[in-house]
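Report on one structure; see the data block that follows.
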Amino acid sequence: MKPALGVCYYPEHWHEEIWQDDAKRMTETGIAWVRIGEFAWSQLEAQEGCFTWDWLDKAVDILGKAGLKIIMGTPSATPPKWVLEKYPDMLAVDAQGKMRKFGSRRHYCFSHSGYRAEAARMAQDMAKRYGKNPHVQAWQIDNEYGCHDTTLSYSDAVKQEFRIFLSQKYQSADALNKAWGNVFWSMEYETIDSIDLPNQTVTEANPAHWLDFRLFLSKQVVRFNQAQVNAIRPYTDKPLTHNYMGRYTAFDHFAVGDDLDIASWDSYPLGFLEQMLDDETEAHKNNFYRQGDPDFQAFHHDLYRSIGHGRMWVMEQQPGPVNWAPYNPIPLDGMVALWTMEAFAHGAEMVSYFRWRQAPFAQEQMHTGLLRVNGDNARGQIEAKQVADALENLPDIEQITADVAIIFDYQSQWAWQIQPQGKSFDYFRLIFEHYRALRQLGLNVDILPSNVTDFGDRKLVFIPALMAWNDNLKQAIKKFSGIVVAGPRTASKTAAKTNYMQISPTAPDFADCQTLRVASLRDGITIKLAKGGAIIRWFEELQGDKGFEFTDNTEMIASRDGNHIYIGAWLNQTAYQRIFTALCDESNITTKPLPDGLRIRTVKDKQFMVNYSAQDIIFDGVTIPKADYLWR
Ligand code: GAL
């Protein structure tokens, strides 16, 4: 497949006279796709039912005739003021019970049925008008679900719908009381209608109450998205997508993705390093502050490729400094091109930059575009053009199945957020550290959902901290002849039909071992392993006679029964790399430990080598200049 470039454009921000020239300059840059419309509601429907389509018709026409394919965004992330006047209670409410306000964006609660219908109605009006327009080749629904902390809401609408959800799930208060264990602290309810939301309780609310709440909120995002999918589908046969975010886990993206055709996501490598990787050391951040973390983008490409059932786009990519992180450095020259090509190497069919022109007004004035405010080309444009030129000479990029996979499960993220048992136990982090260790060994890694029924041709599968088994996954494990590595905490909740949060302390029943006690470790405390590396953050006292790894004090920390391994600890990179290398050797997977900042991705017939570091690297007989990549 030949990947393509795109750009995000806001015709409503600029005089009509420049649209034509902008379109021409986009195609000259080598751009094939342009996303428009996703925040333009007030310009399209200034008052209820009063539509002004002519400007958008014209923009579509100009862009399309210039040869650009349009991605039409539905504007539900930015309802205009009249919508709020129509539904004064449509705003999300924060955990302290305060209603959020109009004046920025994403000012809605996913559970407000009136707004859900209004958003779907607007999407349908747009689809009726542009669904068959030959220039409109894809649709983006809404923009970054959950951004600005908007999945969790404690509004009246949420309360009403949560009770309906609970009634359907449990049928009676009695059943719910049993499933949640409400006998504890006299938390029993007489009716489901008297159940409140789990915020503002005196101390922690029942974890089962929380988990059901998180599950419900996630389903509300799915439902909100479905309303627009159903509104648009009858009018177009073009693919539908949504642009997800980095390290955002408040709803089940696999479930949303099941209703869409392509998963796209928004990649801001420097913003992420500053804002989304608080759990990195200062030294690491300083090393990569103008390049971004060498694994973070790749991880999300791999995750979203899976969420999109193989089809993945980057809908927004940082073109230079952004405006929203605590610090916003300038990327090293070459990084914009590098991030783009890396996305292609991981299967992106399209990478679109955010945004075409820097805006001279409102919230994002400090955010660069491919063009400067005065219309001159900015550095981002130059690098986008370089990528476009490089693509011309690049043979098709074809993805291959990785030998190694990691299971990623949103529900487990919520479970351990609700009951971390140790300040630094973060599910995403644990998954990411597995991913990093494997990538540092030069491997491709696939990310799979927890309800996968088959591991395919893979040879080694990791299931860290999966809250509970499910039948599909059990089946996949049963069929699999490769090695499965589970734990820590995997299957430490029972998979009772009614509720997952009823537990034994932990009983993995995997690899023939039992967990007797668990300990969370403060930052800075490490427990050395006999063969090298150490335990950090989490340690389980294991019982069994199939020991596989031990501390230097001879305590068993992992057990192995045939091809099933349970690791009852969180390990540092040295330990993970040592153990994973041995398991790869055993599975006939070739590893190649890479220097800091260098990563390799293998696709069919080629390898992509990328240097995230600020120094040139010589590896395997080739020099990869700093902030650069090569194909071989
Ligand atoms: C994204 C968002 C865009 C824009 C961008 C700035 O999160 O989708 O609309 O705000 O950030 O970096």
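The values are calculated or read from the model by the stated rules, or taken from the named source; none is laboratory data. Only a predicted model underlies this, so the values are computations on that prediction, with no experimental measurement involved. Because the Cβ atoms are built from the backbone with ideal geometry, glycine has one as well, and the counts that use them run over all protein chains shown. Areas reflect the complete protein model, heavy atoms only, side chains present, ligands, DNA and RNA absent. Shrake-Rupley method; radii C 1.70, N 1.55, O 1.52, S 1.80 Å.
Of ILE589, ILE579, which residue is in a loop (DSSP other than H, G, I, E, B), closer than 27 Å to PHE510 by Cβ and open to solvent by less than 20 Å² (accessible area, probe 1.4 Å)? If you could, list the steps in order and put the result at the bottom.
On the way: ILE579 fails: in a loop (DSSP other than H, G, I, E, B).
Answer to the selection: ILE589.
When you scan segment 257-321 for helices (runs of 4 or more DSSP H) that lie fully inside it, which ones turn up with 1 or more residues that are surrounded by fewer than 18 Cβ atoms within 10 Å (Cβ to Cβ) and within 14 Å of the ligand (Cβ to nearest atom)?
269-275
I'm trying to understand the selection: among the residues of segment 540-554, which are in contact with a Leu (Cβ under 8 Å, 6 or more places away or on another chain) and either surrounded by fewer than 23 Cβ atoms within 10 Å (Cβ to Cβ) or assigned to a loop (DSSP other than H, G, I, E, B) (or both)?
Once the filter is applied, which keeps residues that are in contact with a Leu (Cβ under 8 Å, 6 or more places away or on another chain) and either surrounded by fewer than 23 Cβ atoms within 10 Å (Cβ to Cβ) or assigned to a loop (DSSP other than H, G, I, E, B) (or both), segment 540-554 yields GLU541, GLN543, PHE550, THR551, ASP552.
Which count do you get for residues in segment 322-353 that are over 15 Å from TYR244 (Cβ atoms), small (Gly, Ala, Ser) and within 16 Å of the ligand (Cβ to nearest atom)?
1
Within segment 163-171, does at least one residue satisfy the condition of being more than 26 Å from ALA208 (Cβ to Cβ) and in a loop (DSSP other than H, G, I, E, B)?
No; the residues of segment 163-171 include none that is more than 26 Å from ALA208 (Cβ to Cβ) and in a loop (DSSP other than H, G, I, E, B).
Inside segment 620-631, can you point out the residues that are farther than 20 Å from ILE397 by Cβ and open to solvent by less than 40 Å² (accessible area, probe 1.4 Å)?
Result: ALA627, single match.
If a residue must be outside any strand (DSSP E or B) and either modelled with pLDDT under 95 or more than 24 Å from PRO395 (Cβ to Cβ) (or both), how many such residues does segment 592-619 contain?
So the count comes out to 10.
Out of (1) open to solvent by less than 70 Å² (accessible area, probe 1.4 Å); (2) out of contact with any Pro (no Cβ under 8 Å at 6 or more places or on another chain), the odd one out for PRO234 is which?
Only one criterion in (1) open to solvent by less than 70 Å² (accessible area, probe 1.4 Å); (2) out of contact with any Pro (no Cβ under 8 Å at 6 or more places or on another chain) is unmet by PRO234, namely (1).
Determine if segment 77-95 includes at least one residue that is within 16 Å of the ligand (Cβ to nearest atom), touching a strand residue (DSSP E or B) at 6+ places or on another chain (Cβ under 8 Å) and hydroxyl-bearing (Ser, Thr, Tyr).
Among the residues of segment 77-95, not one is within 16 Å of the ligand (Cβ to nearest atom), touching a strand residue (DSSP E or B) at 6+ places or on another chain (Cβ under 8 Å) and hydroxyl-bearing (Ser, Thr, Tyr), which makes the answer no.
Out of all the residues in segment 452-471, which are surrounded by fewer than 21 Cβ atoms within 10 Å (Cβ to Cβ) and either in a strand (DSSP E or B) or free of Cβ contacts under 8 Å to residues at least 24 places away in the same chain (or both)?
Correct list: THR453, ASP471.
Does segment 519-538 include one or more residues that are open to solvent by 80 Å² or more (accessible area, probe 1.4 Å), more than 30 Å from ALA175 (Cβ to Cβ), in contact with a Leu (Cβ under 8 Å, 6 or more places away or on another chain) and modelled with pLDDT under 95?
Looking for residues that are open to solvent by 80 Å² or more (accessible area, probe 1.4 Å), more than 30 Å from ALA175 (Cβ to Cβ), in contact with a Leu (Cβ under 8 Å, 6 or more places away or on another chain) and modelled with pLDDT under 95, one finds none in segment 519-538, hence no.
Might you let me know whether segment 105-122 holds any residue that is touching a strand residue (DSSP E or B) at 6+ places or on another chain (Cβ under 9 Å) and within 30 Å of VAL351 (Cβ to Cβ)? Lay out the reasoning, then the answer.
Taking segment 105-122 as the starting set, the residues that turn out to be touching a strand residue (DSSP E or B) at 6+ places or on another chain (Cβ under 9 Å) are 109, 122.
Cutting the leftovers down to within 30 Å of VAL351 (Cβ to Cβ) gives us 122.
Yes, some residue in segment 105-122 is touching a strand residue (DSSP E or B) at 6+ places or on another chain (Cβ under 9 Å) and within 30 Å of VAL351 (Cβ to Cβ).
Just one of ASP376, ASP389 is free of Cβ contacts under 8 Å to residues at least 12 places away in the same chain, away from the ligand (no atom under 13 Å from the Cβ) and surrounded by fewer than 23 Cβ atoms within 10 Å (Cβ to Cβ); which is it? First the steps, then the outcome.
On the way: ASP389 fails: free of Cβ contacts under 8 Å to residues at least 12 places away in the same chain.
The unique qualifying residue is ASP376.
The rows are residues; the columns are (1) more than 23 Å from TRP414 (Cβ to Cβ); (2) not in a helix (DSSP H, G or I).
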position: ASP212; (1), (2): no, no
position: LEU215; (1), (2): no, no
position: SER218; (1), (2): no, no
position: ARG223; (1), (2): no, no
position: ALA231; (1), (2): yes, no
position: PRO234; (1), (2): yes, no
position: THR249; (1), (2): no, yes
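If I filter segment 195-213 down to residues being over 16 Å from ASP156 (Cα atoms) and of a type in the set (D, E, K, R), which single residue comes out as farthest from the chain's Cα centre (by Cα)?
To start, the set of residues in segment 195-213 that are over 16 Å from ASP156 (Cα atoms) comprises 201-212.
Those left that are additionally of a type in the set (D, E, K, R): 204, 212.
Values: GLU204: 28, ASP212: 21 Å.
Per the stated criteria, the residue is GLU204.
State yes or no: is LYS58 touching a residue at least 12 places away in the same chain (Cβ under 8 Å), in contact with a strand residue (DSSP E or B) (Cβ under 6 Å, 6 or more places away or on another chain), more than 16 Å from the ligand (Cβ to nearest atom) and over 15 Å from GLU118 (Cα atoms)?
no
Criterion first (open to solvent by 40 Å² or more (accessible area, probe 1.4 Å), under 29 Å from LEU91 (Cα atoms) and within 16 Å of the ligand (Cβ to nearest atom)) does ASP149 satisfy it?
The answer is yes for ASP149.
Let me confirm something: among SER111, SER42, SER104, which residue is open to solvent by less than 30 Å² (accessible area, probe 1.4 Å), out of contact with any His (no Cβ under 7 Å at 6 or more places or on another chain), in contact (Cβ under 8 Å) with a residue 12 or more places away in the chain and more than 30 Å from LEU391 (Cβ to Cβ)?
Only one candidate passes the filter, namely SER111.
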